[in-house]
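The values are calculated or read from the model by the stated rules, or taken from the named source; none is laboratory data. Keep in mind it's a predicted model, so treat the numbers as computed, not measured. As a convention, Cβ positions derive from the backbone with ideal geometry for all residues, glycine included, and neighbour counts pool all protein chains shown. Heads up: the accessible areas ignore ligands, DNA and RNA and are worked out on the full protein's heavy atoms, side chains in. Shrake-Rupley method; radii C 1.70, N 1.55, O 1.52, S 1.80 Å.
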Amino acid sequence: MTFKDRRNPARWKGVMDKVLPAPTKVYKRIHHPAAPYTDVPRIMSALRGKAFVSAYALRFTILTAVRSGDARGATWAEIDLDAKVWTIPASRMKAGKEHRVPLCAEAVEILTTMQQWRMAGTELVFPGTRGGLLSDVAVNKTLRTVADGVTVHGFRSSFRDWGAEQTSIPRAVMEAALAHSNQDKTEAAYMRSDLFERRRELMDTWGRYCAGAGNVVRLVSAA
């Protein structure tokens, strides 16, 4: 009696894995839980009642729309309070490119307070208890006391949604504020400006929104 080999001739194990390279592992994009932008003024109000470093660092992170690590790693050498500009060096940026951040009024107030609390022996603006880098655990713990179930990183999405729904600021300005790389290579080749002045307008308006000064704002796009 003759038996047919009913095994799949195109099966991976034992056949195709001998002649083809291993498949590339596919990583799913992770979406960080974010607070609705309409909740941000309430969250900021709650944080203003907490007078400790992690709360100040979290408020600063939200106001500047940066990544948590960028804010926690900020040094005084990067800050120009007179010009109201924070310059993050390329070595600390995810995209490997220097990023200038316009500072709104509340961000400047936070930095002024941190100057008064400045710890000897460290250049960090928001140092941890022993002068080292403030941990993300400490910042997240503070966030959970006022808004459980969301993440610090998620506030970048809150900012982006607010900009899209409540302002008429151009998408390029929003993306520049988030320090996102332009995926359109042709457009990126012609975009020489970092749109700083438009971003200052944007961040000042975001700061006022976070302060609860009107829930709906409209920025007029440049012609």
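Here are the numbers for the structure shown:
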read-out: Extension gain, Phe52 back to Ser91 (0.36 nm per residue minus Cα-Cα distance, nm); value: 11.2 nm
read-out: Placed amide H near Val101: partners under 5 Å, 5+ positions off or other chain; value: Trp86, Thr87, Ile88
read-out: Protein accessible area in the range 54-192, 1.4 Å probe - carbon and sulfur %; value: 48 percent
read-out: Solvent exposure, largest accessible area first (probe 1.4 Å, DNA, RNA and ligands not counted), of Val146, Val40; value: Val146, Val40
read-out: Length gained when the stretch Val108-Glu123 is fully extended (0.36 nm per residue, less Cα-Cα span); value: 3.7 nm
read-out: Mean separation of Cα contacts under 8 Å (6+ apart) over length of the range 92-154, as relative contact order %; value: 14 percent
read-out: Spin-label pair Glu98/Ser168, simplified geometry with 7 Å Cα→Cβ offset, distance in nm; value: 3.4 nm
read-out: Spin-label pair Trp76/Lys141, simplified geometry with 7 Å Cα→Cβ offset, distance in nm; value: 2.6 nm
